[in-house]
Structures are given as C-alpha cells and as structure tokens.
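Heads up: the structure comes next, in structure tokens.
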Amino acid sequence: MKFGTKAIHAGITPDPTTGAIMTPIYQTSTYVQESPGKHKGYEYSRTHNPTRTALQNALAALENGQYGICFSSGMAATDAVLRLYKPGDEIIVTNDIYGGTYRIMKRIYEGYGLIFRFVDMSNPGNVTEAISDNTRMIWIETPTNPLLKIIDIKQITALCNGRNIHCVVDNTFASPYLQNPLDLGADIVMHSVTKYLGGHSDTVMGALITNDNELAKQLAFIQNAAGAVPGPQDCFLVLRGLKTLHIRMQRHCENAMQIATWLSNHPKVAMVYYPGLTSHPGHEIAKKQMRDFGGMLSFELKGDVYEEAVSTMERLELFSLGESLGGVESLCTHPASMTHASIPKAEREQVGLKDTLIRLSVGIEDVDDLIADLQQAIG
Ligand code: PLP
C-alpha cells in the first residue's frame with residue numbers, strides 16, 4: 001500500500017459494534033468484565049483503549065513498523081526510551097537537538113547515572129570515536145533542530161550492528177512521509193506527534209515505533225507502568241490529522257523550498273539553513289534518505305544584530321511567534337530564548353546556534369502571502 005492510502009486507511013477498521021467508519025472516541029476508564037478475567041481484550045484505559053489502539057496501529061504502519069506505542073507527549077516518549085538503560089550506560093547524542101531532549105538527558109537522567117556524549121553526527125567519524133564498550137544507545141535527530149543539519153542514518157545504524165547498541169531516531173522534523181528510519185536500520189523511531197502527525201496545533205502527544213518484539217514489550221510495559229498515556233479524545237484528533245498528512249507535507253515542502261530560495265536571494269539575509277538548497281552541506285544525504293526536504297528552515301540576517309532579529313520577528317504577521325512546529329499555520333520561533341533556552345548559551349554557541357537565529361515552521365498557506373509577510377518584516 002502506498003503512503004497516501006496508508007495515511008487514510010492503515011490501522012482503521014469500522015467500529016465493530018456500530019460500523020462507524022471513524023474510530024469512536026472511547027471515553028472510558030474501564031470495561032465491564034463478564035466474570036473475573038473474562039473480557040473483550042480491554043480492562044483499564046491506562047493499559048489499553050480502542051481509540052489509542054487504532055492510532056498506535058496507524059502510526060506503526062506509517063513508519064513501516066509492527067508496534068506503535070503512544071504517550072502523553074513527545075517528552076514522555078523520550079522518557080520511556082531512557083528508562084530502558086541502567087547507571088553506567090553510555091548514550092551518544094546528536095549535539096544539535098531539541099532543547100527539551102537535552103534537558104531531560106542532562107537534568108534528569110544524568111542524575112540517575114546515565115552518561116551522555118553529545119557529538120556532531122554530520123561527521124559519522126565523531127560517532128565512531130565516541131563509542132566505548134559501555135555504549136548502549138545512539139540518539140539521532142535529523143534534520144536537526146534548529147540548524148537543519150542532516151545525519152546519515154544508515155551510516156550510524158551500521159556502527160550499531162553487532163555491538164548491542166540501539167539506534168533511536170527522533171523523526172519529528174521529517175515525519176514518516178519524508179523519512180522512515182526503521183527501513184534504514186534504526187531500532188526505535190520517536191515522534192513528537194504534537195507536530196506534523198497531529199498537524200493542527202491542537203494536541204500534545206508522543207509515539208515510539210519499533211519492529212523489535214522485545215523492545216516493544218519493554219516499552220509497552222513502561223507505558224502502562226509509568227502511565228504517561230494520551231487520552232482518547234487526543235488520539236481521535238491525531239487519527240483525523242493523519243488522514244491529510246501526505247497532502248499537508250507536500251505543501252509544507254513546496255512552500256519551504258520557495259521561501260528558502262527567496263530568503264537566500266535576499267540582500268539582507270546572511271545565511272539560510274534548509275536541506276533542500278544545493279548549497280546545504282547535507283543536501284546529498286538528504287536527497288538519499290528523505291523523499292523531500294521538509295517544512296522547517298532557519299535563517300540569520302546580515303550584521304548579526306540581536307535587536308534586528310527580534311524586531312523582524314515582532315513585525316511578522318502571518319508567521320505567528322510561538323513555540324512548536326508542524327501545524328498547518330506558519331510559525332516563527334526564536335530558538336535561543338524559546339525552544340532551546342534550556343541549553344546553556346556557551347553550549348548553544350559551540351554548536352553554532354546564534355542568539356540571532358530565526359526558525360520558521362512553514363505552514364500550508366498560499367506561499368505568496370508568506371513571502372509578502374517576510375518581505376515586509378525583513379524590509
Ligand atoms: N523532539 C523534537 C524534535 C521536538 O521539536 C519536540 C518539541 O518541540 C519534542 C521532541 C518534544 O515533544 P513534545 O513537545 O510533544 O513533548
């Protein structure tokens with residue numbers, strides 16, 4: 001089945017009791033049993049809920065995985081992955097990542113004895129150098145947030161083979177429409193479902209997808225034992241969002257490509273970070289492992305003046321200033337003070353994240369209007 005058909009049909013069966021074509025919102029905490037232990041597969045909604053089951057199956061299908069496990073946020077999904085490891089285990093992490101991922105690793109799990117090594121994975125040689133006998137997991141985010149670096153997933157998963165190292169990919173920026181890390185050898189795919197999968201800025205949710213039966217069992221155990229599950233209403237909203245994922249992504253990519261090209265020709269723009277531009281250092285890898293280049297881009301203005309970057313963001317009208325990304329409406333973010341504020345300034349600067357960087361989540365509005373908005377804001 002091709003992607004667009006899967007987005008609409010995968011994991012969805014008409015409701016067995018009524019034939020409803022849309023999965024109902026099973027707003028229930030518990031299920032009546034005929035006699036103790038005799039039930040219809042559902043006992044308690046932290047453990048299983050039919051609306052969540054339908055969504056988990058749909059997400060698994062879109063990532064070419066067998067098992068989908070949903071959580072109440074992307075961070076809860078990341079938290080579940082980190083619970084798989086023990087004190088002394090080493091984890092190698094992309095150095096340009098979502099600030100919340102950095103925060104949970106450094107401020108929570110380092111305290112429990114996990115050891116994190118942040119490296120620039122756009123050069124896989126850095127990963128090879130960081131691997132030790134204690135390495136148990138490699139965490140990749142690609143395209144990276146917010147500098148849109150591209151990491152060669154296949155090269156990194158090859159380093160994990162035969163070494164008892166899991167490879168986990170945060171696929172939030174790409175979405176399964178653009179990239180399927182399990183096909184490239186990853187063990188687990190993580191999503192902030194809040195973003196492109198939900199697609200309408202109305203839900204916070206996370207998901208993990210895997211083909212590994214043992215990992216799926218452990219993660220489902222954590223999902224139930226720790227209990228960070230999404231409610232059925234949110235699952236319904238994401239099920240609805242998924243049905244248009246392919247056409248939304250197509251437009252996100254088209255608009256972002258046009259805006260990146262326009263920005264890179266603008267006399268006041270110093271730098272545009274977008275993997276679709278042939279000048280981008282990761283362009284060739286992106287062409288190989290992604291089907292298109294996504295809806296996210298970042299840029300810097302000439303002169304590198306903080307106040308000018310801030311006033312440009314304030315002048316934008318169609319691009320609303322806010323955290324998050326991946327919704328149908330365009331958003332503009334100031335990573336240094338918003339999404340990446342939890343990373344110390346010195347470390348941000350070390351990876352090249354300037355306080356003047358502006359990040360855009362390009363929506364699916366008419367691109368001419370988006371460009372006109374940027375024109376009036378940049379001047
Ligand atoms: N990963 C990436 C790449 C993100 O951008 C985010 C949120 O912005 C997360 C993970 C965390 O997801 P959530 O906000 O759903 O907890």
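The values are calculated or read from the model by the stated rules, or taken from the named source; none is laboratory data. None of the values given here were measured: they were computed from a predicted structure. Positions of Cβ are backbone-derived with ideal geometry, glycine not excepted, and every protein chain shown enters the neighbour counts.
Which of the residues belonging to region 162-181 are outside any loop (DSSP other than H, G, I, E, B), in contact (Cβ under 8 Å) with a residue 60 or more places away in the chain and away from the ligand (no atom under 12 Å from the Cβ)?
Passing the criteria: H166, P181.
Return only the number of the condition from (1) within 16 Å of the ligand (Cβ to nearest atom); (2) farther than 14 Å from D152 by Cα; (3) hydrophobic (A, V, I, L, M, F, W, C) that I140 does not satisfy.
Every condition holds for I140 apart from (2).
Please go through region 297-318 and give me each residue that is in contact with a helix residue (DSSP H, G or I) (Cβ under 7 Å, 6 or more places away or on another chain) and of a type in the set (A, V, I, L, M, F, W, C), ordered by number.
L297, F299, L301, L316, L318
To keep it simple, each residue is scored yes or no on (1) modelled with pLDDT of 95 or more; (2) of a type outside the set (S, T, Y); (3) closer than 30 Å to A80 by Cβ.
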residue	(1), (2), (3)
P230	yes, yes, yes
L237	yes, yes, yes
S279	yes, no, no
H283	yes, yes, no
S298	yes, no, yes
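Each row is one residue, and each column tells you yes or no for (1) assigned by TED's automatic domain parsing to the domain that holds S192; (2) closer than 24 Å to T78 by Cα; (3) more than 24 Å from the chain's Cα centre (by Cα); (4) more than 16 Å from the ligand (Cβ to nearest atom).
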site: Q233; (1), (2), (3), (4): yes, yes, no, yes
site: S298; (1), (2), (3), (4): no, no, no, no
site: K302; (1), (2), (3), (4): no, no, yes, yes
site: V305; (1), (2), (3), (4): no, no, yes, yes
site: S311; (1), (2), (3), (4): no, no, yes, yes
site: L316; (1), (2), (3), (4): no, no, yes, yes
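For region 86-107, what are the residues that are at pLDDT 95 or above and either assigned to a loop (DSSP other than H, G, I, E, B) or of a type in the set (F, W, Y) (or both)?
K86, P87, G88, D89, Y102
Residues that are exposed (fewer than 15 other Cβ atoms within 10 Å of the Cβ) and free of Cβ contacts under 8 Å to residues at least 60 places away in the same chain: does region 326-335 have at least one?
The answer is no; no qualifying residue exists.
Within region 199-218, track down each residue that is more than 10 Å from the ligand (Cβ to nearest atom) and buried (at least 23 other Cβ atoms within 10 Å of the Cβ).
Selection gives G199, L208, I209, T210.
Out of all the residues in region 182-198, which are more than 13 Å from the ligand (Cβ to nearest atom) and touching a helix residue (DSSP H, G or I) at 6+ places or on another chain (Cβ under 7 Å)?
Listed by number, the residues that qualify are L184, G185, A186, D187, I188.
So which residues in region 336-347 are buried (at least 21 other Cβ atoms within 10 Å of the Cβ) and out of contact with any helix residue (DSSP H, G or I) (no Cβ under 6 Å at 6 or more places or on another chain), if there are any at all?
Across region 336-347, the qualifying residue is only A336.
Which of the residues that make up region 5-52 are among the polar types (S, T, N, Q) and out of contact with any strand residue (DSSP E or B) (no Cβ under 9 Å at 6 or more places or on another chain)?
T5, T13, T17, T18, T23, Q27, T28, Q33, S35, T47, N49, T51
Conditions (1) surrounded by fewer than 20 Cβ atoms within 10 Å (Cβ to Cβ); (2) at pLDDT 95 or above, marked per residue:
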residue: Y109; (1), (2): no, yes
residue: R117; (1), (2): yes, yes
residue: S122; (1), (2): yes, no
residue: I131; (1), (2): yes, yes
residue: I138; (1), (2): no, yes
residue: K154; (1), (2): yes, yes
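Just for region 9-49: of the residues that are touching a Pro at 6+ places or on another chain (Cβ under 8 Å), farther than 25 Å from E63 by Cα and of a type outside the set (S, T, Y), which one is surrounded by the most Cβ atoms within 10 Å (Cβ to Cβ)?
Ranking the qualifying residues of region 9-49, first place goes to Q27.
Could you tell me which residue of region 66-118 is farthest from the ligand (Cβ to nearest atom), considering only residues that are in contact with a strand residue (DSSP E or B) (Cβ under 8 Å, 6 or more places away or on another chain) and among the small types (G, A, S)?
Here the answer is G88.
Looking for something in a helix (DSSP H, G or I) and either closer than 17 Å to T78 by Cα or without any contact (Cβ under 8 Å) to a residue 24 or more places away in the chain (or both) - is there at least one such residue anywhere in region 127-142?
Among the residues of region 127-142, at least one is in a helix (DSSP H, G or I) and either closer than 17 Å to T78 by Cα or without any contact (Cβ under 8 Å) to a residue 24 or more places away in the chain (or both), which makes the answer yes.
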